[in-house]
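Data block below; observations after.
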Amino acid sequence: MSYNFNKQDIIDILNNSSEKLFQSADKVRHEFKGDKVYLRGLIEFTNICRCNCFYCGLRRDNSKVERYRLSEKQILECTKIAYKSGIRTIVLQGGEDSFFSADKLVSIIKKIKSYDVALTLSIGERTHEEYKIFKAAGADRYLLRIETTDKNLYKELHPDMSLENRINCLYNLKSLGYEVGTGCIAGLPNQTIESLADDILFFKELDADMAGIGPFIPHPNTPLGNFKRDNFELALKVMALTRLIMPDINIPATSAMESLRPNGRIIALQSGANVIMPNMTEVSYRKKYEIYPGKICINDSPLKCAGCIKNKIESIGRKISETKGSRFEHK
Ligand code: SAH
């Protein structure tokens with residue numbers, strides 16, 4: 001069963017109670033994706049960023065961050081640990097750090113791809129030419145959240161950036177043959193329910209292969225630091241609705257959800273999600289990659305993270321997939 005909601009339907013559902021929504025999303029997930037959970041090993045390889053996004057702890061103007069870059073050797077060490085823990089997708093994520101030129105990234109991509117893994121890049125906005133080069137070097141997927149499709153809000157929160165360019169990047173990635181992940185933050189200041197409905201419709205319009213939805217968590221060293229609100233339920237609703245509208249895509253139980261609830265990711269896995277992204281970054285760097293406060297597992301080793309997630313997943317009768325887990329695997 002799949003659902004064909006229009007914008008007003010989505011708004012109504014977001015405004016109403018949610019137990020039935022979560023159950024329906026769980027059912028659709030079971031039907032279209034099965035009970036296996038895909039793991040993606042996240043490597044946070046640089047926290048240096050030229051952007052100044054108002055919500056993000058890694059924003060350029062946050063001088064309290066101790067900045068770091070991992071060397072190629074360190075990145076490959078994380079990859080090896082992830083591979084040994086059975087993970088078959090690596091996500092290389094970082095700030096928009098021009099130190100990592102196309103040449104440097106190509107070398108890293110090729111070496112990661114010498115393991116039998118799928119590789120997702122999550123390094124922000126680059127040119128069409130660069131996306132093409134990364135694809136040719138072996139990158140399989142790209143993760144770039146639209147963050148919000150509200151034009152005014154986008155402008156307010158992203159100095160020197162434009163919604164138009166972000167959308168362009170996503171369509172460029174699609175046309176180059178990447179599996180494309182996008183997503184949004186739920187609960188941003190001045191964000192409306194209408195615009196969240198538009199976000200979901202945008203995922204559909206783009207035909208995103210993956211959509212990650214996380215609650216906004218205010219970071220004290222950003223301009224939005226005082227904006228306190230619990231956005232867990234809202235993010236979960238947007239996620240569950242996305243599952244109903246795009247039944248066969250990959251949807252992660254995001255780490256930000258777990259930061260707000262002790263079992264946030266398990267709740268998400270039972271409300272439509274089918275993916276988890278254990279952190280494979282070396283312990284000493286994790287706390288420096290503080291996008292939002294209260295990030296989970298900052299003192300755990302990569303192996304501990306993989307093991308702990310496995311136990312949690314099995315405790316709800318689900319199993320870890322041993323495959324690369326592309327969107328179309330279950331077709
Ligand atoms: N530079 C990369 C990676 C960004 S970090 C890129 O542009 O794609 C990954 C995600 O963290 C962002 O896309 C954003 O959605 C999320 N994020 C950043 N700050 C946040 C906050 N305060 N609360 C919740 N999510 C946040």
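From least to most packed, judged by other beta carbons within 10 angstrom and beginning with the fewest, Asp199, Asp209, Asp103 follow the order Asp103, Asp209, Asp199. Measuring between their Cα centroids, segment 308-331 and segment 201-232 lie 24 Å from each other. Ranked for footprinting exposure by Cβ neighbours inside 10 Å, fewest first, Ser17, Ser85, Ser255, Ser175 give Ser17, Ser175, Ser85, Ser255.
Each Lys and Arg Cβ is given +1 and each Asp and Glu Cβ -1; about its Cα centre, the chain then shows a dipole of about 980 debye. By DSSP, what percent of the beta bridges with both residues in segment 7-320 are antiparallel, rounded to the nearest 5? Percent antiparallel among DSSP bridges in segment 7-320 is about 5.
From the largest down, segment 194-271 spans 36, 26, 18 angstrom on the principal axes of its Cα atoms. Dimensions of the chain from C-alpha coordinates, computed as largest minus smallest value along each principal axis and given longest first, are 49, 42, 39 Å. With neighbours defined as other Cβ atoms within 10 Å of a residue's Cβ, the residues Ile108, Ile267, Ile146 order from fewest to most as Ile267, Ile146, Ile108. Subtracting the Cα-Cα distance of Leu201 and Lys84 from 0.36 nm times their residue separation leaves 38.3 nm of extension gain.
Neighbours of Glu147, meaning other residues whose beta-carbon lies under 15 angstrom from its beta-carbon, give a summed charge of -3 when Lys and Arg score +1 and Asp and Glu score -1. Relative to one another, the C-alpha centroids of segment 177-192 and segment 1-76 are positioned 8 Å apart. Diffusion coefficient of segment 61-143 by Stokes-Einstein, Kirkwood radius over Cα pairs, 37 °C, 0.692 mPa s: 245 µm²/s.
Read-outs throughout are calculated quantities, based only on the coordinates presented, and are distinct from any laboratory measurement. Predicted model only: the values in this text are computed from it and were never measured. Ideal geometry is used to build each Cβ from the backbone, glycine not excepted, and the neighbour counts take in all protein chains shown.
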